[in-house]
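Just so it is clear, none of the values below were taken in a lab; they were calculated from the coordinates. Predicted model, so just to flag it, every value in this text is computed and none were measured. Glycine gets a Cβ as well: all are built from the backbone with ideal geometry, and neighbour counts include every protein chain shown.
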Amino acid sequence: MRVEILYAHDCGHCVRAAERVVTMAHEWPSIEALKVDITDTPETALAHGYETCPLLVVDGKVAYVGVPTHAFLADLASHATAP
């Protein structure tokens, strides 16, 4: 499972969201996590139909807008399968 967190490095909520996603990826090796700083490339978020961040994209589809809750990430991780 590929999980991308689109964030801005100067946004506190975004940084917190990115930290949660990275932590989840460390706990679940079957999850490939990628942090994408959209500060200089806002078109990345626009390509998904959003003008805001943080934005969680799972396997190419928007899964969460805002800081994902621990419960949401745990549920997401429970659906990840080993590669």
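Some notes on this structure:
- A cut-off under 12 angstrom between Cβ atoms defines the neighbours of MET1, and their net charge, with Lys, Arg +1 and Asp, Glu -1, is -1.
- Assuming charge only on the beta carbon of Lys and Arg (+1) and of Asp and Glu (-1), the dipole of the chain about its Cα centre is about 200 debye to the nearest 20.
- Cysteines (scope the chain) whose Cβ has no counterpart Cys Cβ under 4.7 Å: CYS53
- Value of Rg to Rh for the chain (Rh from inverse mean 1/r over Cα pairs, i.e. Kirkwood): 0.95
- Order of LEU56, LEU73 - criterion: other Cβ atoms within 10 Å of each residue's Cβ, fewest first: LEU73, LEU56
- Rounded to 10°, Cα long-axis angle of helix 12-27 versus longest principal axis of the chain: 20 degrees
- As a proxy for reagent exposure, ranking LEU6, LEU46 by other Cβ atoms within 10 Å from fewest up yields LEU46, LEU6.
- Filtered chymotrypsin sites (Phe, Trp or Tyr not before Pro), the chain: DSSP coil and at most 13 other beta carbons within 10 Å: none
- Using 0.36 nm per residue and subtracting the Cα-Cα separation, the extra length available between GLU27 and HIS70 on full extension is 14.2 nm.
- The modelled label-to-label distance for the pair THR52/GLU19, using points 7 Å beyond Cα in the direction of Cβ, is 2.2 nm.
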